[in-house]
Structures are given as structure tokens and as C-alpha cells.
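The values are calculated or read from the model by the stated rules, or taken from the named source; none is laboratory data. As the structure is a computational prediction, the values presented were derived from the model and not from experiment. Please note: Cβ atoms are built from the backbone with ideal geometry, for glycine as well, and neighbour counts cover all protein chains shown. Areas reflect the complete protein model, heavy atoms only, side chains present, ligands, DNA and RNA absent. Shrake-Rupley method; radii C 1.70, N 1.55, O 1.52, S 1.80 Å.
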Amino acid sequence: MELFVLAAAVPEVDDASMAEFTEWAMDHVKSLRSGPPGARNATMILAALAGGSVDPSARDWAAKDARILGTSLIGRPFTVETSASS
């Protein structure tokens, strides 16, 4: 299995930005892969958005089952809430 970790920092994470980033991450990784679809390994994509504020709906959206694109791309989004520096 191939593993890709894509992360971005944003001021605030909501479900719309989480969905958009996850879709972008899966499309981006798909564009990097080559070879015939049946001959490739499965690929896990960890898509992380980090922000000072994470909306509970974004956490819920990310916590649902993994997103599957085709037969070999599996996306697992997650959120990271950062605290302000003191």
C-alpha cells in the first residue's frame, strides 16, 4: 500500500473546506499514479486540515467512513485544532 499525507493550515476548518480539501487531495494523488488500474497497489490518502478553530460539523464529517475513489484510492480525512501561542 502506498501512503500519502497531505496537510494544510487554515484559519478555520468547517465541513465545506474539509470536503473540498479531501476531494482535492484524492484527485491530486490520483493524478500522480501511473500504470494500469488493476496492477497498482492500494493507496491511502491522509488529508489533514489544521486550524485554530474546528467546527464540530467538520469533525463529524471527517470521522465518517473513509472515502473511496475507484477501487484502489482510500481517503481518510482528519482535522487538527491548534491552540494559540501564549
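The residue list S72, V13, W61 was ranked by how far each Cα lies along the charge dipole of the chain toward its positive end, using unit charges on Cβ atoms, and S72 comes out on top. For region 1-65, which whole-number percentage of the solvent-accessible area (1.4 Å probe, protein heavy atoms only) is attributable to carbon and sulfur atoms? Carbon and sulfur: 55 percent of the exposed surface of region 1-65. Indicate, rounded to the nearest 5 percent, the antiparallel portion of the DSSP beta bridges found entirely in the chain. Among the beta bridges of the chain, antiparallel pairing accounts for roughly 15 percent. Helix 15-32 axis versus longest C-alpha principal axis of the chain: approximately 30°, rounded to the nearest ten.
Answer rounded, prolate or oblate for the chain, using the Cα gyration tensor with square roots of eigenvalues a ≥ b ≥ c: rounded when a/c is under 1.5, else prolate when a/b is larger than b/c, else oblate.
Numbers: a/c = 2.88, a/b = 2.22, b/c = 1.29.
Prolate is the answer for the chain, as a/c is 1.5 or above and a/b outweighs b/c.
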